[in-house]
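> To start, I am sharing the structure in question, which I have written as structure tokens.
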């Protein structure tokens, strides 16, 4: 399983990308989708997820819709037009970060890496 410290810096990108691909989802569905896609290697905690969702809603990156299902209110999160722009930028940043990490991981001893 991937540590929560590693996930923390990418949580916004993970959530936005899932919503970009899947459309409106409630919080539990987001956590399940991430776990499924990563074969259980990433598990989002509600303590990390919900504060982020509230923050993204406040920043007008997400909108919410409420639905009553089985006598319970479910809140669905969806990207706004601003959210679609933000997710593109976050994916670009994360791709650049992953490429840089890959170069670090592949370092060979004694080679000059200019």
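The values are calculated or read from the model by the stated rules, or taken from the named source; none is laboratory data. Owing to the predicted nature of the structure, the values given are computational and were not obtained by experimental measurement. Note that we place each Cβ from the backbone using ideal geometry, even for glycine, and neighbour counts take in every protein chain shown.
> Provide a single number: the residues in the stretch 75-114 that are surrounded by 10 or more Cβ atoms within 10 Å (Cβ to Cβ) and outside any helix (DSSP H, G or I).
Final tally of qualifying residues: 6.
> What are the pairs, 6+ residues apart or on separate chains, where a residue within the stretch 26-54 that is on the phi > 0 side of the Ramachandran plot and surrounded by 14 or more Cβ atoms within 10 Å (Cβ to Cβ) has its Cβ under 6 Å from a residue that is at pLDDT below 95 and assigned to a strand (DSSP E or B)?
Qualifying pairs under 6 Å: none.
> Among the residues in the stretch 55-74, are any in contact (Cβ under 8 Å) with a residue 40 or more places away in the chain and either assigned to a helix (DSSP H, G or I) or out of contact with any strand residue (DSSP E or B) (no Cβ under 8 Å at 6 or more places or on another chain) (or both)?
Yes: the stretch 55-74 contains one or more residues that are in contact (Cβ under 8 Å) with a residue 40 or more places away in the chain and either assigned to a helix (DSSP H, G or I) or out of contact with any strand residue (DSSP E or B) (no Cβ under 8 Å at 6 or more places or on another chain) (or both).
> May I pose another question? Within the stretch 7-27, track down each residue that is modelled with pLDDT under 95 and either over 20 Å from residue 86 (Cα atoms) or touching a strand residue (DSSP E or B) at 6+ places or on another chain (Cβ under 9 Å) (or both).
Result: 23, single match.
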